[in-house]
Amino acid sequence: HGRLLDGLALAQKNLASSATLEEVARAVLGPLRDACSDPAAEPLLFVFTPERAARIDAAGEPHLSNRTLSPRIMAQLAAQPGRIVATAPVFADAVRRPDMRPLLESLNALGALCIVPLVSSGELEGVLVVPAGARQTAVTLEELLALESLGRALSSIVASLSAKARAEARASQAVESASRAKEELDIAKDELIRLRADARVLTRGPAADRLASPPIAYSPAMR
């Protein structure tokens, strides 16, 4: 009855003020759960750089975890880049194609009405899981267009967050490499100081006469 369309419109409106992954999750996942008329339904947002999953609790507060997406769903998204994976057509195909059943099981395990890929510059940056909840009907064409529109808006934000995360990871690695190099330099300096001290001991101690003497010497009796 238009609930999903209303939820998608609200989610897209909320995105305008979202700057972090937690804020994005709060902006999008809440309206999607309300749209499916099931408070137990769990819309999910998967981001691949770094690999994280966002969900919301009963109060609508976001939570992040290291949960990963099913390899079967990932394979389907790779086979059809940028295309929404809807559960109803997969169910119809699985009746006559046993090879589609693992994909259907993965979708049902998520309680998904559909999976919206988040693609930016040809790269899959993440995935939005739209829950079915109490709904029994397939996604309509109008809803697919609205889902694609939300996917494009969400993709640009997720891509920006992922780029920032990659930059921070590279900066962290650079700092760690610099720290290791400094530690190795300090060790080398300490070793050089020790070797110089050993050299002074050799040249100033009992061995000094030996170091100053010719390699072969003759006693008076031998001469």
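With respect to the stated conditions, Arg55 is under 20 Å from the mean Cα position of the chain (by Cα) and open to solvent by 10 Å² or more (accessible area, probe 1.4 Å). In the set (1) on the phi < 0 side of the Ramachandran plot; (2) in contact with a Lys or Arg (Cβ under 9 Å, 6 or more places away or on another chain), the condition left unmet by Pro89 is number (2).
Looking only at segment 93-125, which residues are modelled with pLDDT under 90, of a type in the set (Val, Ile, Thr) and surrounded by 14 or more Cβ atoms within 10 Å (Cβ to Cβ)? None; the set is empty. Residues that are closer than 15 Å to Asp6 by Cβ and open to solvent by 90 Å² or more (accessible area, probe 1.4 Å) within segment 129-145 comprise Glu142, Leu145, listed in sequence order. Scanning segment 151-168 for residues that are of a type outside the set (A, V, I, L, M, F, W, C) and over 20 Å from Ile84 (Cβ atoms), which turns out most open to solvent (accessible area, probe 1.4 Å)? Taking the candidates together, the pick is Lys164. Looking at segment 1-28, which of its residues are surrounded by 15 or more Cβ atoms within 10 Å (Cβ to Cβ) and farther than 18 Å from Leu145 by Cα? Once the filter is applied, which keeps residues that are surrounded by 15 or more Cβ atoms within 10 Å (Cβ to Cβ) and farther than 18 Å from Leu145 by Cα, segment 1-28 yields Asn14, Ser18, Leu21, Glu22, Glu23, Val24, Ala25, Arg26, Ala27.
What pairs can you find where one residue is in segment 100-113 and hydroxyl-bearing (Ser, Thr, Tyr), the other is outside any helix (DSSP H, G or I), and their Cβ atoms are less than 7 Å apart, with a gap of 6+ or different chains? Correct list of pairs: Ser106/Ser70.
The single condition among (1) among the polar types (S, T, N, Q); (2) without any contact (Cβ under 8 Å) to a residue 12 or more places away in the chain; (3) over 18 Å from Ser120 (Cα atoms) that Ser65 does not meet is (2).
Would you pick out the residues in segment 58-90 that are among the polar types (S, T, N, Q) and either open to solvent by less than 70 Å² (accessible area, probe 1.4 Å) or within 19 Å of Glu148 (Cα to Cα) (or both)?
Result: Ser65, Ser70, Gln76, Gln80, Thr87.
Only residues that are free of Cβ contacts under 8 Å to residues at least 24 places away in the same chain and assigned to a helix (DSSP H, G or I) were counted in segment 139-162, giving 4.
The values are calculated or read from the model by the stated rules, or taken from the named source; none is laboratory data. Note that this is a predicted model, so its numbers are computed, not measured. Methodologically, a virtual Cβ is constructed for each residue, glycine included, from the backbone with ideal geometry; neighbour enumeration extends over all protein chains shown. Ligands, DNA and RNA are excluded from the accessible area calculation, which covers all protein heavy atoms including side chains. Shrake-Rupley method; radii C 1.70, N 1.55, O 1.52, S 1.80 Å.
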